[in-house]
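Q: A single structure is presented below for examination.
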Amino acid sequence: MTDTNVAGAAVTGPGAPGFGPRLQAAMRRHGPLCAGLDPHRALIEQWGLTYDVAGLERFALTCVEAYAGRVAAVKPQSAFFEVFGSRGIAVLERVLHDLRDAETLTILDAKRGDIGSTMTAYAEAFLGPHAVAPADALTVSPYLGYESLRPAIDLAAQSGRGLFVLALTSNPEGSSVQHAVHAGRSVAASVVEGARGDNAEAHLRGELGHVGLVIGATVGDAVERLGLDLVRAATPVLAPGFGAQGGTADSLAATFGPALDQVLASSSRELLAEGPDPSRLAARTSWVAGALAEAVG
Ligand SMILES: O=C(O)c1cc(=O)[nH]c(=O)n1[C@@H]1O[C@H](COP(=O)(O)O)[C@@H](O)[C@H]1O
């Protein structure tokens, strides 16, 4: 089965571009902003909608209208759809389909991670050729060991899709696990090393690979302190925490240094506070994307 990418070209099949180059092209075109689609109860109510499936659908489709074609990627947060059961998942599937039709990359934020055999099913569910509503990339958790993600890493490579593996998260508790040192290196450094191995061929071609990392926009000097060589690892970097959690263009530059052009900054609540008027949300989104591109360009 052949799928289509952001530019309408075949994703699967020989010669199709991988996720890294597709993301780089989208970032060049729109700026390095990922618009988060997080239908929090508080935001849905703030938009004057009811907190039910109808309100969820109206919220999500307004975001699609405002974001599509204006940002490098959109990141729906699965939890806020799952909370409504199968009808919420149906809304999520529609969001993913509509964004794909609009040729806007999607990163499904579901943070999956399990033993290899179960990981195979997660990979097929979200990234495989027969997925009901595949995303262009999926967030995954490596805390069962980086190699437990192997089925998803391999399937993503085959299908021209990508992963974002949690490395240094934006929450204050993250460092207790991610900075911990085992066998002479931090847990985060071992995740980066795993991604480097999987992206090695892309790196030789001068491209970003299909295994990205999640590194919060709020982690300060941790990338340098832990000696994470993101350029050598050729990883796309998803940097949540831009906006509402305090991340700025300046903090991104300070945190990522020479890897800044690999970084896709993600903002959810700060953008979504501009709703419910789709044109106002669209205008704010375009403005933030443009300002960010100028600041880091
Ligand atoms: O994977 C993520 O996107 C993520 C990782 C992380 O370290 N921190 C983090 O806040 N996120 C997600 O980013 C979104 C919050 O973004 P803001 O509303 O902009 O703060 C939520 O969907 C979080 O799950």
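Q: Could you check how many residues of the range 165-195 are open to solvent by 40 Å² or more (accessible area, probe 1.4 Å), within 13 Å of the ligand (Cβ to nearest atom) and in a loop (DSSP other than H, G, I, E, B)?
A: 1
Q: Regarding the range 243-260, can at least one residue be identified that is surrounded by 24 or more Cβ atoms within 10 Å (Cβ to Cβ) and not in a helix (DSSP H, G or I)?
A: Within the range 243-260 (the criterion being surrounded by 24 or more Cβ atoms within 10 Å (Cβ to Cβ) and not in a helix (DSSP H, G or I)), the answer is no, since none of the residues qualifies.
Q: Of everything in the range 242-261, what is touching a helix residue (DSSP H, G or I) at 6+ places or on another chain (Cβ under 9 Å) and either within 15 Å of the ligand (Cβ to nearest atom) or basic (Lys, Arg) (or both)? Give them in sequence order.
A: Phe242, Gly243, Ala244, Gln245, Gly247, Thr248, Ala249, Leu252, Thr255, Phe256
Q: Here's a follow-up. Name the residue, out of Leu155, Leu138, Leu149, that is within 12 Å of the ligand (Cβ to nearest atom) and open to solvent by less than 40 Å² (accessible area, probe 1.4 Å).
A: That would be Leu138, the only listed residue that is within 12 Å of the ligand (Cβ to nearest atom) and open to solvent by less than 40 Å² (accessible area, probe 1.4 Å).
Q: Looking at (1) open to solvent by less than 10 Å² (accessible area, probe 1.4 Å); (2) within 23 Å of Pro151 (Cα to Cα); (3) of a type outside the set (Phe, Trp, Tyr), which is the only condition Asp198 fails?
A: If we test Asp198 against (1) open to solvent by less than 10 Å² (accessible area, probe 1.4 Å); (2) within 23 Å of Pro151 (Cα to Cα); (3) of a type outside the set (Phe, Trp, Tyr), just (1) comes out false.
Q: So Cys34 clears everything in (1) more than 16 Å from Pro276 (Cβ to Cβ); (2) part of a helix (DSSP H, G or I); (3) in contact (Cβ under 8 Å) with a residue 24 or more places away in the chain except one condition, right? Which one?
A: (2)
Q: Taking Ser117 and the conditions (1) in a helix (DSSP H, G or I); (2) modelled with pLDDT of 95 or more; (3) over 19 Å from Ala133 (Cβ atoms), which numbered condition does it fall short on, given that it satisfies the others?
A: For Ser117, the exception is condition (2).
Q: Filter the range 84-119 for residues that are basic (Lys, Arg) and within 16 Å of the ligand (Cβ to nearest atom); which is surrounded by the most Cβ atoms within 10 Å (Cβ to Cβ)?
A: Initially, the range 84-119 is screened for residues basic (Lys, Arg), giving 87, 94, 100, 111-112.
Of the ones still in play, those that are also within 16 Å of the ligand (Cβ to nearest atom) are 111-112.
Numbers: Lys111: 17, Arg112: 20.
Within the range 84-119, the match that is surrounded by the most Cβ atoms within 10 Å (Cβ to Cβ) is Arg112.
Q: For the range 262-274, what are the residues that are in contact (Cβ under 8 Å) with a residue 40 or more places away in the chain and either touching a strand residue (DSSP E or B) at 6+ places or on another chain (Cβ under 9 Å) or more than 13 Å from the ligand (Cβ to nearest atom) (or both)?
A: Gln262, Val263, Leu264, Ala265, Ser266, Ser267, Ser268, Arg269, Leu271, Leu272, listed by residue number.
Q: Does Leu144 satisfy the criteria of being more than 21 Å from Leu96 (Cβ to Cβ), touching an Asp or Glu at 6+ places or on another chain (Cβ under 8 Å) and in a loop (DSSP other than H, G, I, E, B)?
A: Spelling it out, Leu144 is indeed more than 21 Å from Leu96 (Cβ to Cβ), touching an Asp or Glu at 6+ places or on another chain (Cβ under 8 Å) and in a loop (DSSP other than H, G, I, E, B).
Okay, residues lined up against (1) modelled with pLDDT under 95; (2) open to solvent by less than 40 Å² (accessible area, probe 1.4 Å); (3) within 15 Å of the ligand (Cβ to nearest atom); (4) in a loop (DSSP other than H, G, I, E, B):
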site: Gly209; (1), (2), (3), (4): no, yes, no, yes
site: Thr218; (1), (2), (3), (4): yes, no, yes, yes
site: Val223; (1), (2), (3), (4): no, yes, yes, no
site: Leu238; (1), (2), (3), (4): no, yes, yes, no
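The values are calculated or read from the model by the stated rules, or taken from the named source; none is laboratory data. Keep in mind that what you see is a predicted model, and the values were worked out from it rather than measured. FYI the Cβ positions are ideal-geometry reconstructions off the backbone, even for glycines, and counts take in every protein chain you see. Surface accessibility is based on the protein's heavy atoms, side chains included, excluding ligands, DNA and RNA. Shrake-Rupley method; radii C 1.70, N 1.55, O 1.52, S 1.80 Å.
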